[in-house]
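**Student:** Take a look at this one; I'll ask things after.
The values are calculated or read from the model by the stated rules, or taken from the named source; none is laboratory data. Here the structure is a predicted model, which means the values were calculated and not measured. Methodologically, a virtual Cβ is constructed for each residue, glycine included, from the backbone with ideal geometry; neighbour enumeration extends over all protein chains shown. With ligands, DNA and RNA removed, areas are computed over all heavy atoms of the protein, side chains included. Shrake-Rupley method; radii C 1.70, N 1.55, O 1.52, S 1.80 Å.
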Amino acid sequence: MTVMNTAKTGARLLGSVLSLCLAAQDQAPPADPEGKKPPESWAAESRPVALSRTPGQLRVFDEDDIQRSGARTLGEFLLRELPSQVQNQGGPGLPSRSYLGGGRPQDTVVLVDGVPRMDPGRLGQNLNEVPLLGVTRIEVITGSPGSGGRGGTIALFTGRPEKPGLSGDLGGLGGSSGQGQSTATPGFAWEGGYLSGGNLSAQEKQTTETDRPFRMVTNFLGLGQTWGSARWTLAWRGTFFGVPEPYQQVTETTRVYDAARESRQRSDTGQLRVEWDLAPGLKLETTLGLARFRHEQAPQGTSQPSPFQGRETRFLSALYWATGARSDLSLQLEGLEVRQEGDENPLVLGSAKGRQLGLGVEWRFEPRPGLRLLGTVRGTRDRQSLLIGGTDTEVLDASGHTLRLGVNQELPYGLRLYSALGGGRTAPTVLQQLRNSLVPTAAPLRMEQSTFVQLGLGWGQGNWYGRLESQQQTGRDLLAFNGQGYVNQDRVRVRGTEAAFGWRAAQKVGLEGFIRAQEARDLNAPESQALRTLASQRRPFSSHGLKGFMGWSRVQAEVHYTLQGHQYAAAGDSEGGGTRTNGLPPTVRATQVVYRDVGMSTTLKAGRHWTFVLRGEHLLQPTTDAAAWAARSREGQNDASIIDGYPAAGPSYSAEARFRF
């Protein structure tokens, strides 16, 4: 069967399922039978809420999940947990982007301890530039416009010492492909406060031969103290990446390899948060966040890197008010200033600046037990300008908004039904404005508009659990690249439906499987081309996976299998749909391959302090070299790549030892 026929069949199936259940969210596995507190979400709403009570699509991963994976970055971790919704360009450190819910990378917001971490030099945060050192919790929320992201939110939370006095972890890892890694995360806690820090240094060979390996160094520092009714926290993180990118040019007809080509990135982020308990049921939080991102990266088709940098300052202040026994209200004031200087394209000169002021309201109400309503309204005022040749020119002055209304109904027999709908009007990125400065005839960019609807059915009873969820998002005036610059033209409809079913007996044994169908359709294009434009590429029509674990007294083994199905995509990767060296956009075509991935790990806890982990990842991927890549010998083969033209990381094996004190 051809990909086109598969696409049509998948579209009909998807439409049928959507008509029955236009749906949404991750039903959490049942709580432990030992009577522990029900699992909560810390990011789905302005205050922590039980997973079974919030009308949203979300998944939660804890510290054990992160440590068992051995992932160094957010992209590595989510690639196996959310196949087809996160896609990687190749080997270690190469770009990994989110297509959460079928949306675009720029539609997903990444939060670190409640503060957005968005690099203004990227059209959507590169998830492989977000380190996981010190992160003990990850939440993935599909379609949460209250956070500013139409596609969803990925929220990371850093840990703190669990007991008074000195504590922490020391770890070392070694393995195939030149893998080497060391970690240290010491901490000290006292009554009412703590000090924590950490360092991770790692390296690994690229998938094909390069002059230098992938390198990564990240450090963080956290300090917290309680004085009376106020809690103060201060956090800082600095990261360096050196990433071999030898694939200098990847088109339908040309391949150029340069073993010395690489990119480098440095980032520093910090935040200060103060929480005050003003009165019973009344709380105020204020946060100041600062970030700076510095890059040296060569554009496609060249080997010489271009330096560029961006920075942003954020101010967030939120007031939480328990207005009654069954309702509460949250008010939030936000301020943002972002600046981008230069681009990976050295022809882009000058800088772009953006300012945003936002005011949001969230209302939560439970009219009767088991029925819960959630409403979110957020308004913004956006101003953007270009500073080129000493002239400051305003290019945008407009108002935006996001709206969301959700309903969660708990039902008998462990069932719950949840739904949400809403929409938004959001500004272009300052990077798009800066790139358009190269096109004197480019029309001013307008605000993008979108609407969404979600529906889900969750179930959990005894050791069994399941979910069926779906979402649809429609956008208009979306920005697209027309070969010269960005223009408002796209009308895109994104649909996704997912089902999962699992069984778990506490921490001893468990098995979970899922299946997902999705598509992005360009409504401006003729029917025969609706899946073949840059607006609709890189959403596999189907994906599925299976994950199981088995534990004994001190040993736990885990295995996972995922598959990403056929998709329409361009040969090579072009962030946001940039041009090739001939000045034309890439050709989106049907791929004939699938990507399957198998990995496993075994964890041994030896006494109170020692933990050993053996891992095998990417066990189905063929090994390759530069000559085979240039000769296209793996072209069209299953499992050889996720994004056409970039070889996937081959099989790797590693052993890690951790000492907890």
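**Student:** Using a 1.4 Å probe on the protein heavy atoms only, what accessible surface does Leu132 show? Give it in Å² to the nearest 10.
**Tutor:** Approximately 10 Å² for this residue.
**Student:** Now for a separate question. Using alpha-carbon pairs under 8 Å, 6+ residues apart, how would you state the relative contact order of the chain in percent? Present the calculation step by step, with values, prior to reporting the outcome.
**Tutor:** Numbers: 1920 pairs, mean separation 84.7, N = 661.
Here the relative contact order equals 13 percent.
**Student:** With each label point set 7 Å from Cα along the Cα-Cβ vector, what nm distance links Leu373 and Phe240?
**Tutor:** Between Leu373 and Phe240, the simple spin-label model gives 5.6 nm.
**Student:** Still on this structure, please answer the following. Taking a 1.4 Å probe, which of Ile642, Ile154, Ile388, Ile515 shows the most accessible area, and what order do the others take after it? Intermediate results must be reported in sequence, preceding the final value.
**Tutor:** Details: Ile642 20, Ile154 0, Ile388 65, Ile515 105 Å².
The ranking, largest first, comes out as Ile515, Ile388, Ile642, Ile154.
**Student:** In the chain, what percent of the accessible surface is made up of carbon and sulfur (1.4 Å probe, ligands and nucleic acids excluded)? Mind showing how you got there, number by number?
**Tutor:** On the way: 15830 of 27130 Å².
Of the solvent-accessible surface of the chain, carbon and sulfur hold 58 percent.
**Student:** Quick one: putting +1 on the C-beta of Lys and Arg, -1 on the C-beta of Asp and Glu, what dipole do you get for the stretch 158-275 around its Cα centre, in Debye to the nearest 20?
**Tutor:** Working: 12 positive and 12 negative charges, 48 e Å.
Here the size comes out at about 240 debye.
**Student:** Next up: Roll a 1.4 Å probe over the protein heavy atoms and report the accessible area of Asp65 in Å², nearest 10.
**Tutor:** Roll a 1.4 Å probe over it and Asp65 shows about 40 Å².
**Student:** I'd like to know which of Thr226, Phe188, Val135 lies farthest towards the positive end of the charge dipole of the stretch 106-243, counting +1 on Cβ of Lys and Arg and -1 on Cβ of Asp and Glu.
**Tutor:** Thr226
**Student:** Here's a follow-up. Shape call for the stretch 90-154 from the C-alpha gyration tensor, a ≥ b ≥ c root eigenvalues: rounded (a/c under 1.5), prolate (a/b greater than b/c) or oblate?
**Tutor:** oblate
**Student:** Using the Cα centre as the reference, give the magnitude of the dipole from point charges on the C-beta atoms of the stretch 68-110 (Lys, Arg: +1; Asp, Glu: -1; all else neutral), rounded to the nearest 20 debye. Present the calculation step by step, with values, prior to reporting the outcome.
**Tutor:** On the way: 5 positive and 3 negative charges, 17 e Å.
About 80 debye.
**Student:** I want to check a number: in the chain, how many lysine pairs have alpha carbons closer than 27 Å, given a sequence separation of 8 or more or different chains?
**Tutor:** 16
**Student:** Something else about it: Could you check the simple spin-label distance between Lys605 and Glu162, using points 7 Å along Cα→Cβ, in nm with one decimal?
**Tutor:** Label at Lys605, label at Glu162, 0.8 nm between them.
**Student:** Tell me the relative contact order for the stretch 456-549 as a rounded percent, counting alpha carbon contacts under 8 Å between residues six or more apart.
**Tutor:** Details: 200 pairs, mean separation 22.0, N = 94.
Relative contact order for the stretch 456-549 comes out at 23 percent.
**Student:** While we're on this one: So what is the 222 nm mean residue ellipticity for the chain from helices alone, if each DSSP H run of at least 4 adds -39500 (n - 2.57) and you divide by all residues, rounding to the nearest 500 deg cm²/dmol?
**Tutor:** Details: 5 runs with 45 residues, N = 661.
So the helix-based figure for the chain works out to -2000 deg cm²/dmol.
**Student:** Hand me the chymotrypsin sites (Phe, Trp or Tyr not before Pro) from the stretch 478-553 located in a DSSP loop with no more than 15 other Cβ atoms within 10 Å, in residue order please. Intermediate values should be presented prior to the final figure.
**Tutor:** Numbers: sites: Phe481, Tyr486, Phe501, Trp503, Phe514, Phe541, Phe549, Trp552; in loops: Phe541, Trp552.
Taking the stretch 478-553 and a limit of 15 other Cβ atoms within 10 Å, the loop chymotrypsin sites (Phe, Trp or Tyr not before Pro) found are Trp552.
**Student:** Once phi is turned into θ = phi - 60°, what whole-Hz ³J(HN,Hα) does the Karplus curve with 6.51, -1.76 and 1.60 give for every residue of the stretch 338-350, x standing for Gly and Pro?
**Tutor:** Running phi through 6.51 cos²θ - 1.76 cosθ + 1.60 with θ = phi - 60° gives 10, 9, 10, 10, x, 8, 4, 7, x, 6, 7, 10, x Hz.
**Student:** Could you give me the percent of Cα pairs per 5 Å distance bin for the stretch 229-336, shortest bin first, beginning at zero and ending with the bin that holds the maximum distance?
**Tutor:** 3, 10, 14, 12, 11, 9, 8, 8, 7, 6, 5, 4, 2, 0
**Student:** What length, rounded to one decimal in nm, is gained on full extension from Thr393 through to Glu527, with 0.36 nm per residue of separation minus their alpha-carbon distance?
**Tutor:** Values: separation 134, 0.36 × 134 = 48.24 nm, distance 4.01 nm.
This chain segment gains 44.2 nm when fully extended.
**Student:** Tell me, which longest segment in the chain has none of the trypsin sites (Lys or Arg not before Pro) that fall in DSSP loops with at most 14 further Cβ atoms within 10 Å?
**Tutor:** On the way: sites that count: Lys36, Arg326, Lys508, Arg554, Arg608, Arg632.
Between the exposed loop sites, the longest stretch runs 37-325.
**Student:** Can you give me the P(r) profile for the stretch 169-291? Cα pairs, bins 5 angstrom wide beginning at 0, each as a whole percent.
**Tutor:** 2, 9, 13, 13, 13, 11, 10, 8, 7, 5, 4, 2, 1, 0
**Student:** How would Thr591, Thr158 line up by accessible area, probe 1.4 Å, largest first? Walk me through the intermediate numbers first.
**Tutor:** Working: Thr591 15, Thr158 45 Å².
In descending accessible area the options line up as Thr158, Thr591.
**Student:** Can you send over the solvent-accessible area of Glu296, 1.4 Å probe, protein chains only, in Å² to the nearest 10?
**Tutor:** 80
**Student:** Also, I was wondering about something else. Direction-averaged shadow area of the convex hull around the Cα atoms of the stretch 455-581, nm²? Kindly include the intermediate steps, with their values, before the conclusion.
**Tutor:** Details: hull surface 43.0 nm².
With every direction weighted equally, the projected area is 10.8 nm².
**Student:** For the pair Val361/Arg47, report the inter-label distance in nm, with labels modelled 7 Å from Cα in the Cβ direction.
**Tutor:** 1.8
**Student:** Quick one: ranking Asp597, Asp64 by accessible area, 1.4 Å probe, largest first, what do you get? Numbers along the way, then the final one.
**Tutor:** Values: Asp597 10, Asp64 80 Å².
Largest accessible area first, the list is Asp64, Asp597.
**Student:** State the answer as a single residue: which of Leu563, Gln206, Gln304 lies farthest towards the positive end of the charge dipole of the chain, with beta carbon charges of +1 for Lys and Arg and -1 for Asp and Glu, about the Cα centre.
**Tutor:** Leu563
**Student:** At 1.4 Å probe size, with every protein chain present, just tell me what the per residue accessible area of the stretch 280-377 comes to in Å². Write out the running numbers ahead of the final one.
**Tutor:** Details: 4750 Å² over 98 residues.
Normalised by residue count, the accessible surface of the stretch 280-377 is 49 Å².
**Student:** Determine the relative contact order of the stretch 110-233: mean sequence separation of Cα pairs under 8 Å and six or more apart, normalised by residue count, in whole percent. Don't skip to the end; give the middle numbers.
**Tutor:** On the way: 240 pairs, mean separation 21.8, N = 124.
Rounded, it is 18 percent for the stretch 110-233.
**Student:** Work out the length of the dipole vector of the chain about its Cα centre, built from +1 on the beta-carbon of each Lys and Arg and -1 on the beta-carbon of each Asp and Glu, and round it to the nearest 20 debye.
**Tutor:** Details: 72 positive and 64 negative charges, 166 e Å.
My answer is approximately 800 debye.
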